[in-house]
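**Student:** This is the structure I want to talk about, given as structure tokens.
Values quoted throughout were computed directly from the atomic coordinates according to the rules given, and no laboratory measurement underlies them. Computed from a predicted model, the values in this text were never measured in an experiment. For neighbour counting, all protein chains shown are included, and Cβ atoms are generated from backbone atoms with ideal geometry for every residue, glycine included.
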Amino acid sequence: MTQNRYEYQIKESDEHILVCLSSAPSNAKIIRTAARMANVFHSQFTALFVETPDFSVASKENKNRLQENRKLAEQLGANIEIVYGEDIPYQIAEFARISDITRIVLGHSTVTRRHLFGKPTLTELLLSYAPDIDIHIIPDKTVDTSYYPKKAKQKFHSMRILKNSFTSALILLCATLLSLLFHGIGFTSPNIIMVYILGVLLTSIVTSHQVYSLISSIASVFVFNYLFTEPRFSLTAYETGYPITFVVMFLTAYITGAFAIRYKEQARQSTKIAHRTKILFDTDQMLSKAHGRSEIIKIAAEQVMKLLGRNIVVFENLKGQLSEPILFYTDSKPEYDIEKERRAAQWALENNYAADSTNEFFLGIRYFYWSIRANERVYGVIGIDSSAGEIDASEHDVLLSILGETALALENDRNIKEKEAAAVLAENEQLRANLLRTISHDLRTPLTTISGNASNLLNNAGCFDKETKQQIYADIYNDSIWLADLVENLLYATRIEDGYMILQTSTELLSEIIEVAIQHISRKAVSHSIKVIYEGDFLLVKADAKLIVQVITNIIDNALKYTPDGTKITLKAEKTDNMAQIMISDTGDGLSDEQKQKVFDKFYCGENKIADNRRSLGLGLFLCKAIVEAHGGTICVKDNHPKGTTFSFTLPLEEVICRE
């Protein structure tokens with residue numbers, strides 16, 4: 001029996017569907033229709049809102065409805081875009097052209113031409129601007145034909161009314177005085193009319209409502225008629241053309257003032273756009289230079305505060321659980337129910353979706369919550385203070401952009417740390433491999449010598465004279481001591497690497513520490529001479545005596561290994577700048593400048609050959625540096641004039657308090 005297998009792969013088509021957002025009650029149905037169309041075509045889906053200068057004075061009801069429609073479009077998978085402009089159909093057509101839109105979905109417009117010369121509808125203008133794009137008109141019998149995007153009722157404070165009225169009257173008075181001056185000089189009526197038009201223009205600029213420029217236009221016509229037309233000081237005019245002059249003057253003044261108000265609003269809108277753009281640019285620049293998770297979160301929160309002017313709270317994602325809240329506030333610390341806020345933030349973290357007080361599960365919370373995520377990884381949750389109301393659409397988009405950049409910065413920081421950890425791990429593995437190879441090589445020679453000498457003593461002890469036996473015993477002892485030193489250095493190196501080196505400091509006499517170290521090294525110094533010099537009084541240091549003995553032993557042992565027989569080694573102790581300084585000098589061949597820079601590195605063995613051909617692990621001086629710095633001292637190497645090398649390190653002095 002043959003089984004036929006069919007596989008289908010759904011690919012995204014070349015279609016790109018655009019739906020226009022508005023505050024109309026029927027816009028929700030249009031968005032759902034466009035979303036179903038996008039699903040059928042397996043196409044991109046974009047929701048566009050054209051923000052006009054009038055939107056800033058729209059009613060609260062219309063703004064809230066627009067927010068609801070925007071959220072619906074987001075839930076249905078639309079990419080939200082915002083453009084700014086006055087000509088809505090032109091902005092839609094230009095966006096469609098730039099974004100390769102293939103279909104535009106609109107609602108049935110209830111606004112039609114009232115007469116032959118009336119203004120074309122949105123659909124008619126859009127068809128003329130974008131003739132190559134398919135436009136789908138969605139009919140809706142439930143459309144509220146009484147809906148118009150009303151402006152919000154502005155509440156004028158009495159002081160503001162008085163201020164605007166006084167300003168308008170003052171400008172009219174100045175224009176009148178200037179016109180009287182021009183009339184006395186002999187200027188004609190058109191020149192004086194221009195003065196009043198200028199006054200109306202200034203009134204529209206400095207006042208906060210269009211009604212003042214309208215009243216100023218009417219008042220300017222009456223004042224001009226009263227003062228500058230024949231007969232003067234009356235509201236009548238002899239010349240038949242003056243009524244037309246008054247009408248033209250009024251219309252010119254009013255239209256000029258209206259345009260000034262519109263351009264002022266556009267300038268305000270441009271300032272807001274420039275401010276948001278600058279915040280986005282600064283955020284990108286600052287995040288690119290940030291180092292570490294805490295700095296990235298701090299920069300993001302401060303930029304969001306700069307954008308919205310609201311209090312911010314941030315919760316980091318700690319393996320699926322929220323961290324303690326990190327608060328950023330503008331003036332005083334806000335009061336809130338931490339348990340309610342934490343539940344809402346945890347929900348936003350787990351569901352990767354925004355949480356706010358409109359959700360019935362989170363009634364009464366103070367903050368709106370958004371997750372900070374890159375791809376499917378959530379790095380934390382940010383809360384925006386909701387006491388100032390909903391965030392408008394343009395601010396919402398900038399906020400999401402900042403959160404996206406923050407998530408990418410956190411992702412990059414995480415990747416960098418993972419790479420650094422991987423590099424450290426690889427380096428440690430390489431060091432372990434090198435260490436094992438070195439240890440196996442270095443242990444083989446002394447162990448072979450010890451086992452060989454022990455075998456000779458066991459099997460042929462009667463054949464050796466006393467001097468030969470003593471030499472064999474000495475060889476076995478020296479090799480065992482070398483192995484003991486090697487193991488001791490390895491143990492110290494392991495403790496330092498793991499961070500387990502604990503100092504057991506006490507007040508010690510420096511001369512006693514040096515004497516113990518010399519006793520440890522004296523058996524090896526048969527072919528070298530060691531001289532100890534103490535400068536000044538007895539020196540008391542606060543140190544771990546056992547570790548400092550190890551430092552002195554390692555440095556002297558290094559000198560014994562790498563210098564020829566007969567070399568003089570001098571150990572000098574003195575007081576320098578409230579520190580005890582120990583200098584160990586030799587008269588060997590010295591070190592090159594390159595060797596001086598690397599001599600304290602781990603596993604660095606240098607280029608000099610050891611007399612007995614045993615290779616060093618390169619841990620001795622590395623341990624010396626770690627031990628001295630753990631005590632709060634410093635260690636360095638320099639030339640010993642006229643020949644040789646000097647190692648110098650310091651230890652903190654301990655003062656003795658005498659009590660009577």
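**Student:** Return the FRET efficiency for the residue pair L540, K561: r is the Cβ-Cβ distance, R0 is 41 Å, and the value is rounded to the nearest 0.05.
**Tutor:** The computed FRET efficiency comes out at 0.80.
**Student:** Let me ask another. Let's test the formula: R0 of 30 Å, r as the Cβ-Cβ distance of K572 and D475. What FRET efficiency results, to the nearest 0.05?
**Tutor:** So the FRET efficiency works out to roughly 0.35.
**Student:** Per residue of segment 422-429, what does 6.51 cos²θ - 1.76 cosθ + 1.60 with θ = phi - 60° give for ³J(HN,Hα)? Whole Hz please, x for Gly and Pro, Karplus curve as stated.
**Tutor:** Once θ is set to phi - 60°, the couplings for segment 422-429 become 5, 5, 5, 4, 5, 5, 5, 5 Hz.
**Student:** Let me ask something else about it. In nm, give the distance between the simple-model label positions of D639 and S522, each being 7 Å from the Cα along the Cα-to-Cβ direction.
**Tutor:** A separation of 3.6 nm, rounded to one decimal place.
**Student:** Within the set K71/K298; K71/K278; K29/K71; K298/K340; K419/K596; K163/K264, which residue pairs have Cα atoms separated by over 21 Å?
**Tutor:** K71/K298; K71/K278; K298/K340; K419/K596
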